[in-house]
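Worksheet for the structure shown next.
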Amino acid sequence: MIASVRGTLIAIAADHAVVETGGIGWMIYAPRQVLAALGDIGTDVRLFTYLLVREDALTLYGFETVDQRQLFETLIGVTGVGPQAALNLLSSGTTDEVRLAIATGDVTRLARTPRIGRKLAERLVLELKGKLDIKGLPVAPNVSPAVAAANAELSEMLVSLGFSSAEAAAAIAALPSDAPLDLEERLRLTLRYFGAQ
């Protein structure tokens, strides 16, 4: 497998870049934000890559980080998710945002991604919920430090009670925005979430 490519950026398009290394120009498909961050033509760049081998083609996909590449591999392992759909998902937000959307069962957000739709979004959640590492991710964006600290403590408590980290994240994400900071009350509300399922 070609694990990374480092060389000179010689062309860039809407869905791919061409990086020349050792006299060979590699066409590398990548998420939009990765392409946007590559810089100007002539810049020295490095991409972590994944080589997809099919009967009729060898296609190279490029990523900013190893973590992003691993999430791509996980996504294309889901039935019905092809490489273009996986790139679209990775273009829809950061790897943390995509992981969190799947872990919390945010089908609506996932379904807004081109080539995904509601049915495939539900399959992504079904097949990957509980399998993605979301440890350390904020369970809700733009929360105050006090809420984030309370949520982190609550997450640890739920995991110690036998729930997966993904289940804990989903329950915490479902808390009302005006939920009290009292840990005992937050625990009661999250346990009610599990009882309602």
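The values are calculated or read from the model by the stated rules, or taken from the named source; none is laboratory data. Since the structure is predicted, the reported quantities are computational estimates derived from the model, not experimental observations. Every residue, glycine among them, receives a Cβ derived from its backbone with ideal geometry; neighbour counts consider all protein chains shown. In case anyone asks, the SASA skips ligands and DNA or RNA and just uses the protein heavy atoms, side chains included. Shrake-Rupley method; radii C 1.70, N 1.55, O 1.52, S 1.80 Å.
Atom-type composition of the exposed protein surface of the stretch 1-77 places 50 percent of the accessible area on carbon and sulfur (1.4 angstrom probe). From its DSSP helices (H runs of at least four residues, each -39,500 (n - 2.57)), the chain gives a residue-normalised ellipticity at 222 nm of -13500 deg cm²/dmol. Charged neighbours of THR104, selected by a Cβ distance under 13 Å, balance to -1 (K, R count +1; D, E count -1). Couplings 3J(HN,Hα) for the stretch 79-91, derived from phi with the Karplus relation 6.51 cos²θ - 1.76 cosθ + 1.60 (θ = phi - 60°), are 3, x, 9, x, x, 5, 5, 5, 4, 4, 4, 5, 7 Hz, where x marks Gly and Pro.
Converting phi to 3J(HN,Hα) with the Karplus coefficients 6.51, -1.76 and 1.60 and the offset θ = phi - 60°, the stretch 30-45 yields 8, x, 4, 5, 5, 4, 5, 8, 5, x, 7, 4, x, 6, 7, 10 Hz in sequence order, with x at every glycine or proline. First select every other residue whose beta carbon is under 12 angstrom from the beta carbon of MET27; then total the charges, Lys and Arg +1, Asp and Glu -1. Neighbour charge sum, excluding MET27 itself: -2. Taken along the Cα-to-beta-carbon direction at a fixed 7 Å, the label points for GLU20 and LYS119 span 4.6 nm.
Given springs between every Cα pair under 10 Å in a Gaussian network model of the chain, which of ARG115, ARG69, ARG54 has the largest fluctuation? Of the options given, ARG54 has the highest mean-square fluctuation. FRET efficiency for the pair LYS131 and ASP178, taken as 1/(1 + (r/R0)^6) with r the Cβ-Cβ distance and R0 = 35 Å, rounds to 0.65. In degrees from 0 to 90, rounded to the nearest 10, what is the angle of the helix 183-196 Cα long axis to the longest principal axis of the chain? Roughly 80 degrees between the two axes. Springs join every pair of Cα atoms under 10 Å in this Gaussian network model of the chain, and among PRO180, PRO114, PRO31 the largest mean-square fluctuation is at PRO180. Modelled spin-label separation between ASP56 and ASP96, with each label point placed 7 Å from Cα along the Cα-to-Cβ direction: 4.1 nm.
Mean projection of the Cα convex hull over all viewing directions, computed for the chain: 12.9 nm².
Principal-axis analysis of the Cα atoms of the chain puts helix 145-160 at an angle of about 80° to the longest axis. Using a probe of 1.4 angstrom and keeping all protein chains present, the accessible surface of the chain works out to 54 square angstrom per residue.
Considering only SER160, THR94, ALA121, and ranking their Cα positions along the charge dipole of the chain that arises from unit charges at the beta-carbon of Lys, Arg, Asp and Glu, the one farthest toward the positive end is ALA121.
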